[in-house]
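To start, the structure itself, in structure tokens.
The values are calculated or read from the model by the stated rules, or taken from the named source; none is laboratory data. Since we're looking at a predicted model, the values are computed, not measured. Ideal geometry is used to build each Cβ from the backbone, glycine not excepted, and the neighbour counts take in all protein chains shown. Surface areas here come from the heavy atoms of the whole protein model, side chains and all, with no ligands, DNA or RNA. Shrake-Rupley method; radii C 1.70, N 1.55, O 1.52, S 1.80 Å.
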Amino acid sequence: MTTIDLQQKIEELVNKVRLYNPNADIPLIEKAVRFSYQHLHDKKRLSDEDFFTYSYDVAMMLADLKVGSHTLVVGLLHAILEESNIKPEVIEKEFDKEVLTLIEALSRLRNVNKNFNPEAEEERRAENTRKIMLASSKDIRVIIIKIVERLASMRTLKYLPEDMRKIVATETMTIYAPIAHKLGMNNIKGELEDLSFRFLENTQYVELKDKVAKTREQREGEVDKIMELVNDSLIKHDIKAQISGRAKHFYSIYKKIISEDKQFDEIYDLMAIRIIVDSVDDCYKVLGIIHSLWKPMPGRLKDYVAVPKANGYQSLHTGVFVSHGSILEVQIRTKDMHMAAEEGVAAHWRYKGDDKDKKFDRHIALMKQIMDWQRYSANAQEFIENLKIDLFEKEIFVFTPNGDPIALPEEATPVDFAYAVHTDIGNHCKQAKVNGVVVTLDYTLSSGDVVDILTQKNAAPSRSWLSFAKSAHTRTKIRAALNIDVDTKQKKRDPVELLDDDSDFPEEITVEGKKYDLKIPKCCTPRQSEKTRAFKTKDGKIVVHRVDCPNVYTCDMTKEVKLLLQHVESQIYPLRVDVKDRVGILAELLNYIANEKHNVESVNTRLGKDGRVIITMDIRKSPVLDIHKLIQEIKNIDAVINVFIEDERHTNRYTTNSN
């Protein structure tokens with residue numbers, strides 16, 4: 001490749017990025033292209049394609065998804081550690097820690113399928129692997145890059161030996177395509193399935209391809225013209241709508257033939273469009289417009305709006321004859337119906353349906369809301385560059401050897417895991433294995449770990465476990481097993497046992513030049529604006545109570561310290577919004593803030609009590625931002641329970657003086 005050719009590739013990628021992201025870090029992207037070329041252009045894949053071209057294709061596909069600069073850079077460099085002699089510290093120096101972290105996370109995912117019991121049934125194994133990939137990633141960008149990377153690999157799968165082709169195609173069909181579907185990446189999901197179908201069921205694939213007279217590209221061109229005609233008609237009738245269309249993929253057609261026991265000649269709707277409108281009234285108006293444009297097909301009109309399906313699904317379905325005898329499938333629904341349909345399908349992958357699985361699935365549904373908003377909302381453009389989204393804030397998901405997800409607090413240990421599975425497992429815990437390796441019981445677990453607890457009948461909890469157990473539930477069970485009574489009138493209750501995650505205090509303070517962790521108990525839930533007292537504790541922490549809290553008198557008065565506040569100006573407001581978990585609330589909230597032209601640098605979500613969702617976001621200060629006005633306006637959004645600046649650790653620093 002000549003210097004001119006390389007520059008043309010840089011310009012092609014940059015021009016695509018600028019169309020959707022005016023805030024992109026163009027110098028960083030250009031640097032990544034050159035760096036990738038320098039170290040990968042002479043490294044060959046089995047297809048004889050060099051790794052630079054492969055990585056560049058990944059970046060171009062990522063740009064189609066409208067991702068941020070760092071995600072593009074990682075797409076260009078994702079193979080750099082495995083396929084070159086570049087060391088991790090070089091990546092961090094040349095780019096930054098964030099790029100290195102994402103690249104290393106991708107590398108870890110390559111071994112994710114090795115952690116589970118190889119004798120597990122294929123469906124169960126695939127289900128487990130999908131979950132562990134999501135839990136291991138935490139940052140949703142890792143999953144996006146991984147799925148796109150797999151699509152690029154599938155496009156050159158024919159160059160692999162036949163036995164490897166079937167293994168990779170099966171993995172793609174059972175693991176990557178369902179995750180893409182779950183996250184709303186439907187075009188990629190369709191292509192992944194078609195490519196897998198080609199290598200897994202080649203005879204049926206070739207027969208079906210021969211029967212479909214028009215290529216998918218030709219059908220997509222026809223769909224584009226149909227959507228343009230529909231859009232013009234809706235504008236004339238003053239109806240606002242979002243119109244999307246697709247030419248059905250081969251595998252989708254094949255599944256319909258099999259599931260409905262039909263012949264190919266009985267499958268008419270090889271093209272489909274979906275129309276999303278603002279109201280139910282508009283649904284029926286649009287239906288009338290569609291039937292005025294084309295002749296409806298007898299027996300194809302289904303009114304699931306007036307009479308929803310048993311699972312609550314609502315939409316109008318119709319089929320119409322378009323050009324040259326082709327039939328177009330049309331779905332018409334409101335935005336709320338669409339969100340419910342997309343997120344309310346209970347099992348795109350199978351799960352047992354217990355609370356732990358449902359909680360895990362709710363996390364992914366929340367993430368899909370944000371991803372959909374980022375892809376489809378014009379307001380999202382200002383957010384794209386710096387927005388970072390954490391899948392599982394303040395908690396991790398680990399797995400039993402059978403693949404059941406277990407939610408634990410960050411920095412949890414195998415002992416926490418054992419008690420989360422069952423009290424008897426915890427009480428008789430003897431040894432732990434993490435990802436097949438024996439570890440100590442105080443080992444710190446990470447999202448995606450597969451944990452196996454070895455029990456023994458005569459084993460019993462140790463008092464030392466209390467020093468490293470992270471979960472209050474675990475500590476309670478340990479105390480119960482050891483007959484340590486902590487909640488009677490005769491015994492003092494440890495006021496630090498129940499900690500308040502909602503505190504607006506910082507996590508760390510400095511006393512006489514030494515840093516201490518700060519503990520805020522739930523007994524009185526002190527806030528910075530209230531009068532408080534603080535004490536050093538035996539375990540080297542600082543505990544804070546309101547002055548009128550009865551538990552003040554359980555503390556050692558000789559260990560009291562005074563909190564002194566030093567104001568340090570920051571450019572960030574850490575805003576917390578508690579909402580009811582209703583369909584579309586995250587997207588609605590983000591869209592509102594974006595419409596007000598405020599810059600949100602990060603968004604994190606976690607599931608709270610009583611079915612609520614806790615959203616935290618860092619909002620950058622600006623001359624046009626009145627944070628108190630914004631808080632009041634957010635409170636007016638339906639389903640918002642509470643809004644406040646979460647804590648002052650970004651805007652204040654604490655020091656203390658001992659008495």
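Overview of values
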| read-out | value |
| --- | --- |
| Integer Hz, Karplus 6.51/-1.76/1.60 couplings in order for segment 572-578, x for Gly and Pro | 10, 9, x, 9, 10, 10, 9 |
| Which listed pairs, of 182/236; 236/621; 97/562; 44/66; 16/262; 477/541, have C-alpha distances above 32 Å, in listed order | 182/236; 236/621; 97/562; 16/262 |
| Efficiency of FRET from Cβ geometry, residue 455 and residue 402, R₀ 22 Å, rounded to 0.05 | 0.90 |
| Derived scalar couplings ³J(HN,Hα) [segment 46-51; Karplus, 6.51 cos²θ - 1.76 cosθ + 1.60; whole Hz; x for Gly, Pro] | 4, 6, 6, 7, 7, 5 |
| Ranking by accessible area, most exposed first, for 321, 397, 250 with a 1.4 Å probe | 321, 250, 397 |
| Å² per residue, accessible surface of segment 35-79 at 1.4 Å | 32 |
| Heavy-atom accessible area ranking, 1.4 Å probe, most first, across 194, 5 | 5, 194 |
| Extension gain, residue 336 back to residue 306 (0.36 nm per residue minus Cα-Cα distance, nm) | 9.3 nm |
| Solvent-accessible surface (1.4 angstrom probe) belonging to residue 162, in square angstrom, nearest 10 | 120 |
| Placed amide H near residue 602: partners under 5 Å, 5+ positions off or other chain | 388, 618 |
| Cα centroid separation, segment 239-258 to segment 1-41 (Å) | 34 |
| Solvent exposure, largest accessible area first (probe 1.4 Å, DNA, RNA and ligands not counted), of 514, 597, 236, 262 | 236, 597, 514, 262 |
| Vicinal HN-Hα couplings computed from phi for segment 55-67 (Karplus, 6.51 cos²θ - 1.76 cosθ + 1.60; Hz; Gly/Pro x) | 5, 5, 4, 4, 5, 5, 5, 5, 5, 4, 8, 6, 8 |
| Per residue accessible area in Å² of segment 188-318, where ligands, DNA and RNA are left out and the probe is 1.4 Å | 56 |
| Cβ crowding within 10 Å averaged over residues, with 464-473, 291-300, 83-92 ranked highest first | 464-473, 83-92, 291-300 |
| For segment 409-453 versus segment 281-322, the gap between their alpha-carbon centres in whole angstrom | 53 |
| Residue-level accessible surface for residue 641, protein heavy atoms, 1.4 Å, Å² | 80 |
